[in-house]
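What follows is calculated from the coordinates using simple rules that are stated; it is not laboratory data. All values reported here derive from a predicted model rather than from experimental measurement. Because the Cβ atoms are built from the backbone with ideal geometry, glycine has one as well, and the counts that use them run over all protein chains shown.
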Amino acid sequence: MKNNSRYTRRSFLRTLSYSAGTLALMPAFKSLAACSLPGKDKRLGIALVGLGGYSGGQLAPALQETKNCYLAGIVTGTPSKADSWSKKYNIPDKNIYNYDNFDSIANNPDIDIVYVVLPISMHKEFTIRAAQAGKHVICEKPMALNAGECAEMIAACKKANRMLSIGYRLHFEPHNIEMMRLGQKEIYGKVTSIDTGNGFTYRGDPNAWRLKKALAGGGGLMDMGVYSIQGSRYSLGKEPLFVKATEEKTNHELFREVDETVFWELEFPGGILAKGKSSYNNNWGYLKVKAEKGTFGLEPAFGYGGIRGNSPAGEMNFPQINQQAFQMDDFARCILQKKPTRVPGEEGMRDMKVIDAIYRSIASGKRERIV
Ligand code: NAD
């Protein structure tokens with residue numbers, strides 16, 4: 001098949017060398033090879049906290065591919081999981097914890113990083129406990145129930161002199177990195193508008209934590225909308241000032257505690273508008289950016305793989321990578337080299353401020369300032 005794309009191997013390498021926009025001061029992401037550091041003994045040990053779908057399906061397998069870190073320990077409230085995981089991943093008993101004895105992880109030199117992969121209401125507690133135990137932390141998205149909690153988590157990690165990062169895997173994904181480059185470097189002129197949506201049709205357990213306000217903080221907006229908010233922010237490299245949002249609910253029984261579908265419009269400096277939507281009842285996953293001299297976008301935009309993109313230069317023919325392996329290896333490299341991570345707690349808090357303002361706007365029916 002003829003490929004008219006002007007994307008080449010060189011443009012792929014250039015994309016990888018591009019550091020995410022608002023974080024442009026951070027060290028460049030040089031190449032695939034630069035991501036790994038020599039010396040097996042230098043690999044950092046990661047303990048996963050919460051052995052649910054994401055830990056089992058993505059993170060543990062990715063940790064079999066990482067070069068700078070490895071799966072050293074687990075924290076689980078379910079003894080049968082402790083058993084099966086220790087067999088499957090060869091984890092010694094001394095590196096297995098439950099939620100009660102978790103703090104004694106402070107005395108375990110095998111564990112350098114704690115990765116919090118729990119329901120959202122537990123992110124703050126386990127991030128702070130991990131930092132106080134002297135461990136660096138990766139916390140899954142969305143960072144916490146609200147921006148106030150994020151601030152507490154950031155402060156606790158600073159106080160303990162530990163690094164905190166958020167599981168924003170797409171900052172390591174070539175197509176999404178290309179969106180940052182095209183938008184922030186104004187390759188096709190200034191960005192004039194953005195349109196993005198993310199969601200899936202929820203068919204899971206009606207009693208799951210994702211549908212409980214106390215555990216999840218919200219519904220599709222917290223879980224899926226955070227990617228669209230991120231996408232708008234990193235395609236532009238600016239922070240939104242105001243938002244106006246509305247909610248739509250068709251299944252009042254299933255989604256009685258949390259939002260089903262939310263629509264919003266973010267106002268960025270210069271009057272640039274970013275339309276966004278999130279849902280637990282629609283299959284969306286796109287990010288489209290209009291600039292003065294052309295349109296570029298991704299669809300699917302936010303998945304673990306299968307990401308496709310187009311710009312006026314043609315189809316983006318970048319490889320699909322193991323995003324989680326890159327994300328974790330990069331954090332381990334940052335710790336080993338004492339460099340800042342491109343996805344720190346502050347980046348998670350910026351999204352939570354937007355989410356807080358979206359919920360305020362839904363409640364007030366007014367345009368709300370993002371503070
Ligand atoms: P999950 O329901 O599959 O797993 C949650 C885990 O938490 C389970 O092991 C469960 O036993 C444990 N848990 C502890 N206390 C609990 C309680 N009180 N109620 C319910 N479960 C409890 O969830 P998941 O899909 O693995 O999501 C976990 C986190 O990872 C969430 O923050 C989610 O947003 C995030 N996540 C991120 C991605 C990504 O692409 N970055 C993908 C999926 C999930």
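A few notes on this one:
- Taken over the alpha carbons of segment 278-371 as equal point scatterers, the Debye sum produces base-10 log I(q)/I(0) values at 0.13, 0.20 Å⁻¹ of -0.77, -1.16.
- Calculated log₁₀ intensity ratio I(q)/I(0) where the Debye formula runs over C-alpha points of segment 100-169, q = 0.23 Å⁻¹: -0.95
- Rounded if a/c under 1.5, otherwise prolate or oblate - the chain, Cα gyration tensor axes: oblate
- Cα centroid separation - segment 354-371 against segment 211-226, whole Å: 16
- The HN-Hα couplings worked out from phi for segment 182-190 by the Karplus form 6.51 cos²θ - 1.76 cosθ + 1.60 (θ = phi - 60°) are 4, x, 6, 8, 6, 4, 10, x, 5 Hz, whole numbers, x standing for Gly and Pro.
- Ranked list, fewest to most other Cβ atoms within 10 Å of each Cβ, for GLU346, GLU140, GLU368: GLU346, GLU368, GLU140
- Under 5 Å, built H, 5+ apart or other chain: amide partners of GLU315: SER5, ARG6
- By the count of other C-beta atoms within 10 Å, a proxy for reagent exposure, TYR359, TYR115 are ordered fewest to most as TYR359, TYR115.
- Ellipsoid fit via the Cα gyration tensor, segment 144-226: semi-axes of 29, 23, 12 Å, each the root of five times an eigenvalue, largest first.
- Estimated distance in nm for a label pair at TYR99 and THR250, the labels positioned 7 Å out from Cα along Cα-to-Cβ: 3.5
- In a reduced charge model with +1 at each Lys and Arg Cβ and -1 at each Asp and Glu Cβ, segment 44-169 shows a dipole moment near 240 debye about its Cα centre.
- Cα gyration tensor, segment 201-244 - rounded (a/c under 1.5), prolate or oblate: prolate
- FRET efficiency for the pair GLN64 and ALA214, taken as 1/(1 + (r/R0)^6) with r the Cβ-Cβ distance and R0 = 30 Å, rounds to 0.30.
- Rg over Rh, two decimals, segment 254-293 (C-alpha only, Kirkwood Rh): 1.10
- Label-point separation, LYS366 to LYS293 (7 Å along Cα→Cβ), nm: 4.3
- The distance linking segment 151-189 with segment 82-145 is 22 Å (Cα centroid to Cα centroid, whole angstrom).
- Here the convex hull built on the C-alpha positions of segment 44-169 has a volume of 97 cubic angstrom per residue.
- Antiparallel %, DSSP beta bridges [both residues in the chain], to 5: 55
- Fewest-first ranking of TRP284, TRP209, TRP264, using other Cβ atoms within 10 Å as the exposure measure: TRP209, TRP284, TRP264
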